[in-house]
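Worksheet for the structure shown next.
The values are calculated or read from the model by the stated rules, or taken from the named source; none is laboratory data. Quick caveat, the model's predicted, so the values are computed rather than measured. Positions of Cβ are generated from backbone atoms using ideal geometry, with glycine treated the same way; all protein chains shown enter the neighbour counts.
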Amino acid sequence: MGIRGLNRLVAENAPKAIRSNEMKSFFGRKIAIDASMCLYQFLIAVRQQDGSSLTNDAGHTTSHLMGFFYRTIRMVGYGIKPCYVFDGKPPVMKGGELEKRLKRRQDAEEKATKAKEAGEAQELQKFQRRTVRVTREQNEEAKHLLRLMGIPYVEAPCEAESQCAELAKAGNVYGAASEDMDTLCYQPTVLLRNVTAAESRKLKIDQYDIKEVLKGFDMTIEEFVDMCILLGCDYCETIRGVGPVTATKLIRKYKSLEKIVDAIKQDPKSKFKVPDNWPYKEARELFLHPEVKPGSEINLKWEEPDVEGLVQFMVKENGFSEQRIRDGAAKLKKALKGGTQGRLDGFFKVSGSVSSGKKRTASDSKDKKKKRKTGRSRR
């Protein structure tokens with residue numbers, strides 16, 4: 001679900017924190033991508049003309065494999081080095097949200113059945129997309145495909161978004177890519193949205209700088225997280241009647257949820273009602289101190305693709321075109337080799353050594369001029 005209304009709030013309060021760039025501008029960048037989000041996207045978006053999922057001869061869904069294979073190749077073709085991060089065990093506090101999602105999926109399944117019986121093709125496709133859920137088998141298939149492609153992945157102990165943020169904070173990657181705005185609460189240096197969809201939908205990649213976000217709101221990270229909990233997150237319900245504008249005003253006035261809760265409870269005329277046993281402190285802890293693998297313990301490696309392994313898995317086991325898979329693997333191999341070039345801005349970051357090098361070059365040229373003059377006078 002993410003955080004309700006956060007994208008609009010950031011645009012209004014911290015416009016300098018957001019930049020939109022074409023995919024080619026991220027050449028040489030390593031990016032941690034929320035794989036679980038990608039799985040949903042690919043299962044929903046990659047479909048046949050009649051709206052049904054792609055399947056192999058055995059009837060098993062292959063939409064996610066097509067999505068990971070071709071969109072990863074496109075990214076690598078732009079010089080991006082992707083690293084995928086898979087969800088681990090969800091926090092206990094997320095159980096309520098997962099139950100809601102299950103209920104929505106069951107409702108969609110019932111409506112899809114009715115639409116099919118009524119012969120309503122458009123309605124059927126709409127509700128079929130809402131019934132999508134990612135299986136453990138599909139997760140494992142995606143990981144197997146990435147291993148064959150030579151693309152690294154990380155299995156998070158808990159939430160994929162928090163692990164992506166940890167990789168960014170630790171310097172393993174440039175930024176964390178996810179569509180969920182709650183990723184900002186985990187403090188990645190940079191949040192990237194539309195990464196996997198940018199090329200296929202001709203979108204630009206939106207980049208959010210967490211320092212500029214906090215600066216624009218004039219809040220500490222603790223205050224920002226409290227505001228996000230007020231807006232509504234996956235971990236707990238919110239205070240009824242508190243919308244985005246009110247949430248921002250309350251945090252700026254009281255600075256913490258504790259003080260907001262006390263103020264509401266002490267005011268008999270307050271129009272707001274705090275939920276019973278509201279676990280906002282636990283939610284805050286999950287955002288500020290998530291369970292992650294330390295970035296210092298993770299070593300990301302991009303390797304040459306296993307072409308014959310890809311042919312075996314994608315062609316012989318899942319029915320894809322052999323020529324297309326071989327062509328894709330060739331592009332991937334070439335792009336991964338070319339992607340070792342790095343970025344110019346990364347080169348010029350070492351300002352001390354570069355500037356001193358320029359000084360030495362200048363002085364060397366002066367010495368050479370003197371030597372040439374001395375040589376001419378002697379002649």
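Here E161 does not qualify as closer than 12 Å to F86 by Cβ, surrounded by fewer than 18 Cβ atoms within 10 Å (Cβ to Cβ) and touching a residue at least 60 places away in the same chain (Cβ under 8 Å).
Take the conditions (1) closer than 22 Å to Q187 by Cα; (2) surrounded by 20 or more Cβ atoms within 10 Å (Cβ to Cβ); (3) over 25 Å from the mean Cα position of the chain (by Cα); V242 misses just one of them, which is (1). Restrict the check to segment 337-348 and report whether at least one residue is within 22 Å of E141 (Cβ to Cβ) and at pLDDT 55 or above. Scanning segment 337-348, I find no residue that is within 22 Å of E141 (Cβ to Cβ) and at pLDDT 55 or above, so the answer is no. Considering segment 164-181, the residues that are closer than 16 Å to K30 by Cα and aliphatic (A, V, I, L, M) include one that is surrounded by the fewest Cβ atoms within 10 Å (Cβ to Cβ), namely A170.
Here V76 meets each of (1) in contact with a helix residue (DSSP H, G or I) (Cβ under 9 Å, 6 or more places away or on another chain); (2) farther than 27 Å from K337 by Cα; (3) touching a residue at least 40 places away in the same chain (Cβ under 8 Å) with one exception, condition (2). E99 passes every criterion in (1) at pLDDT below 50; (2) in contact with a Gly (Cβ under 9 Å, 6 or more places away or on another chain) apart from (2). Evaluate the following for L300: is it within 25 Å of G88 (Cα to Cα), outside the structural domain of K81 (by TED's automatic domain parsing) and within 26 Å of the chain's Cα centre (by Cα)? It is true that L300 is within 25 Å of G88 (Cα to Cα), outside the structural domain of K81 (by TED's automatic domain parsing) and within 26 Å of the chain's Cα centre (by Cα).
Selection of segment 144-171 for residues being within 27 Å of Y235 (Cβ to Cβ) and among the charged types (D, E, K, R) yields E155, E159, E161, E166, K169.
Condition check ((1) buried (at least 21 other Cβ atoms within 10 Å of the Cβ); (2) under 20 Å from R8 (Cα atoms)) across all residues:
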{"position": "I229", "(1), (2)": "yes, yes"}
{"position": "C236", "(1), (2)": "yes, no"}
{"position": "A263", "(1), (2)": "no, no"}
{"position": "K271", "(1), (2)": "no, no"}
{"position": "W278", "(1), (2)": "no, no"}
